[in-house]
């Protein structure tokens, strides 16, 4: 019964989405306030309805209602409660429902918090949001209905893929979707601005917090996915340039560019049509990501099932959304006149450089990811692009971008002083040089690129610190004065410093991966394995039973200078429902390095294959991502009151104009 | 700076970036395009040695042999019509099993053995990698996707 209610709520949401995508648009064109107001109420109602549908599906999972096909195929009565709930989005239908839930959440949030938006802009934004919702709700109802019943109901379900039964992965899709779908708001604002034919500083101020929120969530989502791959797949890699990873990385790259170019629109009234284009492209890439991951054209853990009808439908959605918005852009963008003029060496210039490099990076990743699919589609040879391709195109483009991160914020708007900026950055330069020299000395000239990478990370970190210190006049004024300045600095400025430092931390973690040590050995109980100054002693391997699996658990004592520092227990699990083995790695971290153990197979003669890695600075990759997202959140906390100011000012302007 | 000069500069910067990207992509493409072959292709065509390639197929039953030190493993990959020997030094994925679909990335050695750099097995027991399906289709040993039991309602 509850399931049918959920289905009904979803159909109702579709009808409301149809209303939401038309009436407010007509209202905005005819300046009919009542019609425009429909956008807000339908957006809120749509969120409530989709939330109801989602709750109905969660209910079916929690109560193990196997008469629902989706539950029967993806859940099992012995599964722990957490994975019963997260299993809701561990399959195609449920994850699409989550996608639409988050879409309607953002639509509802625009309606709820958008009181200070001009009514016509709000109506148009909500209408575009409604169109996206309509497309995806139709997709779910026609091709991916999660509420299908099964008669007769099986006694038990088929269970969730064990590799997905993991706390890290449980929350990876919601964050990723918050990011992907969050960019739909920037997209809707961009399309609404094109329809209105007006982009101004106030528009940028409204768009930026939404973009920032989506960007933070996407950063966390990507980091979680990478962390999950690191600790579950058992070979210690954290990024494979896998098409599915690229699918989430491309919107991140362009989204980062959008975040920066929106500053220029806000502060200097320039780069308008470029920013609009970035907003469209960012969400388009999110849609393409969804298509790549959901259509089954890629081999991965994300490709749940291959159904050509779904791929065709998403492709159609893509064509309408991307083709439509880009056509609109082609028609209306020339009318957007840029205001502020700036010299190449200026804050704007540095942000343009950032945008060019990020966009180019995204383009090369796009090419490497889609070229094989394109060739396949036109009947060409079947091929794939090896991951060295990405390293060889991505790294050379990222290096200048990272170099620019430090001095960009030091340049003044309109016309900057590059020499002056570089002079003020001498401390950062010296710090980077010291790191490079120490690195070369300590590693005996080790991989030069990795040492330079560490130096680059230091340059970005120290450069950001110097910029912040200058703003608060640290060391040049009394400490009390610096403290007063720091408190009065806009939150966005602290956020930027924090995010750039996070980037530096991530870069350092990536660069240091060149020094990892790897050992694969067959070990018998009682034997020792030396690794990077540690001694690993295998105490034994025992059989243990979990809630829905059995496992071989190795107990390994880690010794350092004869002292016991840790006991690690990597496992090899077997899930009888799916007849599938997985490995559970054991990680001992000092935050400066990880010891990483994965248990392999028994050799039948009392020995076990053990894979052991020592990975310096690897936790920094994810710590840096978290710091970046934290910077975004700090910046976001600033925006709230500034949005208010922008609205008041804009209202004053429109009143004066009328 | 006038509007015209500014636009010219922006266009030049854009073009420069495009040129740089094209150069990078082309140089990286030339070494890193990995073509896909089936075991039959390897038997029947003379393929260059040492070039990275992908091979899809099923792990031939009773062909997996581990070396004494446990570091390398040898097995054969088949598409039903032909099979090729593969050696791999590294950790096999959890779902690597005899009779299951795998995708191997590696190079053909002088000994006509594929030296694998990576071995990919499917993540999910219900899912067949498209490359493997392709290899089986080409050799005529395709039996269709295993339909999940009781999945569709009437």
Problem set entry | Dimensionless Rg ratio for the range A:517-619, taking C-alpha atoms and the 2.2 N^0.38 Å reference | 1.08
Exercise. Rule-of-thumb check for the range A:1-165: C-alpha Rg over 2.2 N^0.38 Å?
Worked result: 1.16
For this session: Can you put B:7, A:294, B:97, A:149 in order of Cβ neighbours within 10 angstrom, beginning with the fewest?
Result: B:7, A:149, B:97, A:294
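Restricting to DSSP H runs of at least four residues, report the calculated mean residue ellipticity at 222 nm for the protein assembly as shown, -39500 (n - 2.57) per run over all residues, nearest 500 deg cm²/dmol.
-19500 deg cm²/dmol
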Seminar exercise, completed: Partner shielding of A:387-397, as the mean number of partner chain Cβ atoms within 10 Å, equals 5
Problem set entry | Kirkwood-based shape ratio for the range A:157-265, expressed as Rg/Rh from alpha carbons | 1.10
Exercise. Mind listing the Cα extents of the range A:433-569 along all three principal axes, in Å, largest one first?
Worked result: 64, 44, 27
Problem set entry | Of all DSSP beta bridges in the protein assembly as shown, antiparallel share, percent nearest 5 | 95
Seminar exercise, completed: Subtracting the Cα-Cα distance of residue A:590 and residue A:527 from 0.36 nm times their residue separation yields 20.2 nm
Exercise. If you average 1/r over all unlike Cα pairs in chain A and invert the result, what Kirkwood radius do you get in angstrom?
Worked result: 26.9
Exercise. Is there a simple number for the mean count of other chain Cβ atoms within 10 Å of the Cβ of residues in A:372-384, and what is it?
Worked result: 3
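Sort A:382, B:71 so that the residue with the fewest other Cβ atoms within 10 Å of its own Cβ comes first and the one with the most comes last.
B:71, A:382
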For this session: Report, largest value first, the span of the C-alpha coordinates of the range A:184-224 along each principal axis, in whole Å.
Result: 39, 16, 7
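Run the numbers for residue A:544 and residue A:33: contour at 0.36 nm per residue of separation, minus the present Cα-Cα distance, in nm. Display every interim value, and only then the final one.
Numbers: separation 511, 0.36 × 511 = 183.96 nm, distance 6.64 nm.
This chain segment gains 177.3 nm when fully extended.
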Exercise. Is any residue of the range A:614-629 close enough, with backbone N under 13 Å, to a label point placed 7 angstrom from the Cα of residue A:560 along the Cα-Cβ axis, and if so, which?
Worked result: A:614-617
Problem set entry | Mean Cβ neighbour count within 10 Å, used as a protection proxy, ranking A:449-461, A:603-615 highest first | A:449-461, A:603-615
Exercise. Using the per-residue mean of other Cβ atoms lying within 10 Å as a proxy for protection, in what order, highest first, do the peptides A:553-561, A:133-141 fall?
Worked result: A:133-141, A:553-561
Exercise. To the nearest 0.05, how large is the calculated FRET efficiency for residue A:8 and residue A:240 if R₀ is 35 Å and r is the Cβ-Cβ distance?
Worked result: 0.25
Seminar exercise, completed: So, with points 7 Å from each Cα along the Cβ direction, the residue A:67-residue A:151 label distance in nm works out to 1.0
For this session: Please list A:186-199, A:585-598, A:103-116, A:533-546 highest first by mean number of surrounding beta-carbon atoms within 10 Å per residue.
Result: A:186-199, A:103-116, A:585-598, A:533-546
Problem set entry | Estimated distance in nm for a label pair at residue A:476 and residue B:72, the labels positioned 7 Å out from Cα along Cα-to-Cβ | 6.4
Exercise. Could you give the nm distance between label points at residue A:602 and residue A:196, where each point is 7 Å from its Cα heading toward the beta carbon?
Worked result: 6.9
Exercise. If we count other beta carbons within 10 Å of each Cβ, what is the order of B:49, A:93, fewest first?
Worked result: B:49, A:93
Seminar exercise, completed: With R₀ set to 51 angstrom, the calculated FRET efficiency between the beta-carbons of residue B:118 and residue A:269, to the nearest 0.05, is 0.50
Problem set entry | Cα gyration tensor category, rounded, prolate or oblate, for the range A:324-421 with a/c compared to 1.5 | oblate
Problem set entry | Rh (Kirkwood; distinct C-alpha pairs) - the range A:29-120, Å | 14.9
For this session: With an 8 Å cut-off on Cα pairs and a minimum separation of 6 or more residues, tell me the relative contact order of the range A:1-165 in percent.
Result: 36
For this session: Would you kindly state how much longer the chain becomes between residue A:626 and residue A:328 on full extension, computed as 0.36 nm times their sequence separation minus their alpha carbon distance, in nm to one decimal?
Result: 103.6 nm
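Every number here is computed from the coordinates shown, using simple stated rules; none is lab data. Keep in mind the model is a prediction, meaning the values are calculated, not measured. So basically every Cβ, Gly included, is an ideal-geometry build from the backbone, and we count neighbours across all protein chains shown.
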